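Engineer: Structure incoming, see below.
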Amino acid sequence: MLDNLTNRLSGVIKTLRGHARLTEDNIADAMREVRMALLEADVALPVVKNFVASVKERALGQEVMGSLTPGQAIIGVVHEELVKLMGAQNDALNLAAVPPAIVLMAGLQGAGKTTTVGKLAKLLKEKHKKKVLVVSADVYRPAAIEQLQTLAKQLDVEFFPSDPSQKPVAIALAAVDHAKRHFFDVLLVDTAGRLAIDAAMMEEIKALHAAVKPVETLFVVDAMQGQDAVNTAQAFNEALPLTGVVLTKLDGDSRGGAALSVRHVTGKPIKFIGVGEKLTGLEPFHPERMASRILGMGDVLSLIEDVQKGMDQAEALKMAKKLKSGKGFDLEDFKAQIQQMRKMGGMVSLMEKMPGQLGQLAKGVQGADADKAVNRIEGIINSMTPQERAKPDLIKASRKRRIAAGSGVTVQEVNRLLKQFEETQKMMKQFTAKGGISKLMRGMKGMLPGM
Amino acid sequence: MFSFFKKKKPPVVEPVVSTEPTTPTAPPAESIEPVVVSEPVIETKVPVTVTVTPPPPPVAAEAPASRKLSWTERLKSGLAKTRDKLGKSLAGLFGGGKIDEDLYEELETVLLTADMGVPATTHLLKEVRERVSLKGLKDASELKGALKDALHELILPLEKPLQTDQHRPFIILMAGVNGAGKTTSIGKLAKYFQGQGLSVLLAAGDTFRAAAREQLAEWGARNNVTVISQEKGDAAAVCFDAIQSAIARKIDIVLVDTAGRLPTQLHLMEEIKKVKRVIDKALPGAPHEALLVLDANTGQNALTQVKAFDDALGLTGLILTKLDGTAKGGVIAAIARERPVPLRFIGVGETLDDLRPFHARDYIDALFD
């Protein structure tokens with residue numbers, strides 16, 4: 001996410017750090033770099049111009065004089081401006097309405113509306129304990145209604161059936177009626193993707209909006225969108241009283257400039273970001289974190305949240321008990337830990353959120369390789385018998401050969417794993433002295449290969 | 001960005017009027033400054049065209065009209081909106097006057113907002129500058145020709161129509177990120193090949209997304225084409241079955257749909273590599289064409305996508321979809337520079353006929369005229 005921007009800006013800041021003080025000249029150079037970096041990250045040109053102008057103005061102003069070093073000052077200014085551009089805070093969904101609270105989705109084709117409806121339904125159902133009804137008013141794309149129906153079934157959320165022969169407004173009104181009579185808390189209305197210049201379709205969604213009077217009208221945008229994001233966002237913003245934006249496909253690489261553009265044009269808060277294809281992949285948007293990340297300061301807060309979410313509490317408790325009971329840490333536990341880590345989105349996504357140079361390092365070589373190495377470790381453990389897993393001391397030369405053959409690795413790799421395990425075990429023993437789940441987390445770091 | 005319209009208003013009016021009658025299907029939707037100025041002028045000059053095309057929603061007017069048009073006209077009408085933005089602003093630029101730094105800067109703005117990206121824009125501007133000084137061009141309107149030529153030279157290598165007659169069955173693997181328009185493109189491609197008298201078979205390789213199979217089945221039903229799918233399971237297995245079946249039935253073209261995937265999802269990239277391997281196992285030498293479907297709305301990430309999918313699959317072609325919006329798809333200029341994979345088709349509308357082979361000259365003309 002936004003890695004290129006991070007890189008480019010880090011480069012700029014580095015060159016600035018070399019200078020004793022900020023002058024008109026070196027600021028101009030730096031600002032040109034910032035401009036290019038933002039353009040390459042698909043931030044729309046008018047937004048870029050605006051941003052560069054305000055940073056320049058502020059950097060040359062008094063705030064720089066008052067600060068400790070010029071380098072720090074400009075990082076601060078760029079960071080602040082970025083945060084300002086993306087909205088000051090993260091707004092949650094406003095569901096304070098007479099139930100059912102209706103949420104209408106709008107966006108281009110393929111932006112990810114239906115998937116977002118699914119993710120949102122899951123979030124509302126599980127985190128907010130709402131009774132959710134979903135309905136699809138997409139009568140145009142083949143199987144769009146079936147797509148939502150399938151998602152609803154997966155989530156165990158009620159789906160209001162509709163049919164391509166019906167009118168979207170009729171579908172929505174029937175769904176509202178159904179939601180009222182069956183006391184649903186929230187009704188999510190999915191709509192067909194439409195081009196902002198398709199007047200007939202824009203009329204339709206206006207009519208839909210007028211008919212159901214949603215409390216939230218969310219504009220779904222693909223984070224990969226280019227310069228045209230400005231035009232699209234503007235058209236939708238003019239047609240509909242949007243209340244928020246959902247930025248999707250943010251797990252893709254290096255873009256996200258659309259976040260800045262859309263926010264700038266609509267002035268509406270980005271409420272959620274979509275990451276990953278799984279239905280859990282909907283996260284609140286934190287402008288502060290995003291800006292920090294752009295500047296290479298890392299997204300430690302998101303990392304912590306990820307860890308908390310991925311960590312299976314029951315599993316962790318079991319582990320803690322086991323350790324407390326004095327029974328040693330065996331290879332089975334080692335494997336369980338690896339699986340826990342994978343639940344958190346794998347090494348790559350964890351490492352990406354690490355600050356600054358550690359993140360860069362992780363990104364290039366380590367990320368993909370580390371994921372592979374972790375898989376390999378799991379494979380090796382899977383090739384052991386339960387007895388071997390419980391008592392690794394049993395594993396001598398001939399067993400090692402068998403394990404190596406079974407998992408398709410060399411004996412050396414089996415040796416390496418056993419050594420790593422031994423070290424982890426030692427560490428675990430230290431922890432058991434004091435106990436505590438939080439320390440288990442730190443323990444994981446030790447078992448990662450090559451870190 | 002429209003400030004320069006105001007600045008050069010008097011020279012603007014003339015060229016806009018002269019181009020208007022040749023493209024009656026491109027009435028301005030949002031009244032941008034120069035257009036407002038020129039509208040009454042058109043009315044007095046060619047009242048007939050105005051009565052035909054007054055509705056502000058251009059798409060609604062184009063849809064019925066485009067059915068009987070030749071495909072170049074269809075491309076033009078499909079790109080009308082694109083041209084409306086880019087072309088009109090260029091018409092403003094090229095309206096006359098001298099070539100100066102301001103003009104170049106405005107040109108840069110236009111190219112950048114078309115998603116061409118910084119390197120391609122810099123390259124094009126350098127080319128144009130060279131042409132201008134070589135030929136001693138003085139007038140801003142001559143700059144247009146120079147720019148068109150430079151752009152043409154850049155994207156011409158992408159113009160390589162798809163040849164499907166070497167193999168039978170000819171296997172086409174479709175790949176792309178989520179929501180690029182793979183399944184819709186398959187529906188259109190099926191129609192396109194049927195129009196050439198070829199028999200087509202579809203393989204529902206998107207086993208991940210909800211109702212993807214049903215969506216493809218619907219396209220199959222519309223085109224009267226067999227769709228091979230499985231209740232659950234492995235994309236590669238579906239493809240294997242489809243190819244076996246195609247060989248048995250002596251089908252000409254097999255279109256393989258796959259699930260959308262982002263290049264950062266390494267396991268999914270591995271999966272699609274496997275699909276390709278299994279296809280090769282089912283029919284040695286296949287797939288004969290690996291197509292990446294790109295959304296014209298995508299910015300510079302399209303280039304990353306091309307690189308990632310090319311590294312994984314060895315792409316042989318691209319499809320650029322959703323060109324009927326306001327997006328200009330300028331990123332193909334960046335692709336042409338860095339990873340020139342042939343652009344086989346462009347999607348210019350929502351009906352089944354709106355997928356067309358790519359012609360660089362027509363694309364540029366449709367963009368600028």
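The values are calculated or read from the model by the stated rules, or taken from the named source; none is laboratory data. Because the structure is a prediction, the values reported are computed rather than measured. Every residue, glycine among them, receives a Cβ derived from its backbone with ideal geometry; neighbour counts consider all protein chains shown. Please note that ligands, DNA and RNA were not included when accessible areas were found on the heavy atoms of the full protein model with its side chains. Shrake-Rupley method; radii C 1.70, N 1.55, O 1.52, S 1.80 Å.
Engineer: May I ask you to say which residue of B:Asn301, B:Asn297 is without any contact (Cβ under 8 Å) to a residue 24 or more places away in the chain and facing another protein chain (nearest Cβ under 10 Å)? Working first, answer last.
Structural biologist: Values: B:Asn297 fails: without any contact (Cβ under 8 Å) to a residue 24 or more places away in the chain.
Result: B:Asn301 is the single residue among B:Asn301, B:Asn297 that is without any contact (Cβ under 8 Å) to a residue 24 or more places away in the chain and facing another protein chain (nearest Cβ under 10 Å).
Okay, residues lined up against (1) under 25 Å from B:Ala221 (Cα atoms); (2) in contact (Cβ under 8 Å) with a residue 24 or more places away in the chain:
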site: A:Pro100; (1), (2): no, yes
site: A:Gly118; (1), (2): no, yes
site: A:Lys130; (1), (2): no, yes
site: A:Leu148; (1), (2): yes, yes
site: A:Pro161; (1), (2): yes, no
site: A:Lys167; (1), (2): yes, yes
site: A:Lys180; (1), (2): no, yes
site: A:Phe183; (1), (2): no, yes
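Engineer: Please work out which one of (1) farther than 30 Å from B:Val348 by Cα; (2) open to solvent by 10 Å² or more (accessible area, probe 1.4 Å) is the condition A:Thr115 fails and give its number.
Structural biologist: Exception for A:Thr115: condition (1).
Engineer: Can we say A:Gln154 is more than 22 Å from A:Leu218 (Cα to Cα) and not in a loop (DSSP other than H, G, I, E, B)? Steps first, answer last, please.
Structural biologist: Working: more than 22 Å from A:Leu218 (Cα to Cα): yes; not in a loop (DSSP other than H, G, I, E, B): yes.
Criteria met by A:Gln154.
Engineer: Next question. From the list B:Asp295, B:Asp280, B:Asp252, which residue is acidic (Asp, Glu) and under 27 Å from A:Ala223 (Cβ atoms)?
Structural biologist: Numbers: B:Asp280 fails: under 27 Å from A:Ala223 (Cβ atoms); B:Asp252 fails: under 27 Å from A:Ala223 (Cβ atoms).
B:Asp295 is the lone residue from the list that is acidic (Asp, Glu) and under 27 Å from A:Ala223 (Cβ atoms).
Engineer: Name the residues in segment A:162-184 that are within 14 Å of chain B (Cβ to nearest Cβ) and within 13 Å of A:Leu133 (Cβ to Cβ), would you?
Structural biologist: A:Ser162
Residues checked against (1) assigned to a helix (DSSP H, G or I); (2) of a type in the set (Gly, Ala, Ser); (3) within 28 Å of A:Leu39 (Cα to Cα):
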| site | (1), (2), (3) |
| --- | --- |
| B:Ile279 | yes, no, no |
| B:Pro284 | no, no, no |
| B:Leu303 | yes, no, yes |
| B:Asp310 | yes, no, yes |
| B:Lys328 | no, no, yes |
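Engineer: Taking the options B:Ala211, B:Ala235, name whichever one is within 11 Å of another protein chain (Cβ to nearest Cβ) and not aromatic (Phe, Trp, Tyr). Let's see the steps before the verdict.
Structural biologist: Numbers: B:Ala235 fails: within 11 Å of another protein chain (Cβ to nearest Cβ).
Step by step, each of B:Ala211, B:Ala235 is checked, and only B:Ala211 is within 11 Å of another protein chain (Cβ to nearest Cβ) and not aromatic (Phe, Trp, Tyr).
Engineer: Looking at (1) under 10 Å from the mean Cα position of the chain (by Cα); (2) within 12 Å of chain A (Cβ to nearest Cβ); (3) farther than 19 Å from B:Lys182 by Cα, which is the one condition that is false for B:Leu323?
Structural biologist: (3)
Engineer: Select, from B:Arg249, B:Arg277, the only residue that is in contact with a strand residue (DSSP E or B) (Cβ under 9 Å, 6 or more places away or on another chain), surrounded by fewer than 16 Cβ atoms within 10 Å (Cβ to Cβ) and in contact (Cβ under 8 Å) with a residue 24 or more places away in the chain. Working first, answer last.
Structural biologist: Working: B:Arg277 fails: in contact with a strand residue (DSSP E or B) (Cβ under 9 Å, 6 or more places away or on another chain).
When all the criteria are applied, what remains is B:Arg249.
Engineer: Among the residues of segment A:109-135, how many are over 17 Å from A:Gln147 (Cα atoms) and either within 14 Å of another protein chain (Cβ to nearest Cβ) or among the aromatic types (Phe, Trp, Tyr) (or both)?
Structural biologist: 0
Engineer: Listed residues B:Leu202, B:Leu262, B:Leu198, B:Leu255; which is closer than 23 Å to B:Leu355 by Cβ and within 14 Å of chain A (Cβ to nearest Cβ)?
Structural biologist: Being closer than 23 Å to B:Leu355 by Cβ and within 14 Å of chain A (Cβ to nearest Cβ) holds for just one of B:Leu202, B:Leu262, B:Leu198, B:Leu255, which is B:Leu202.
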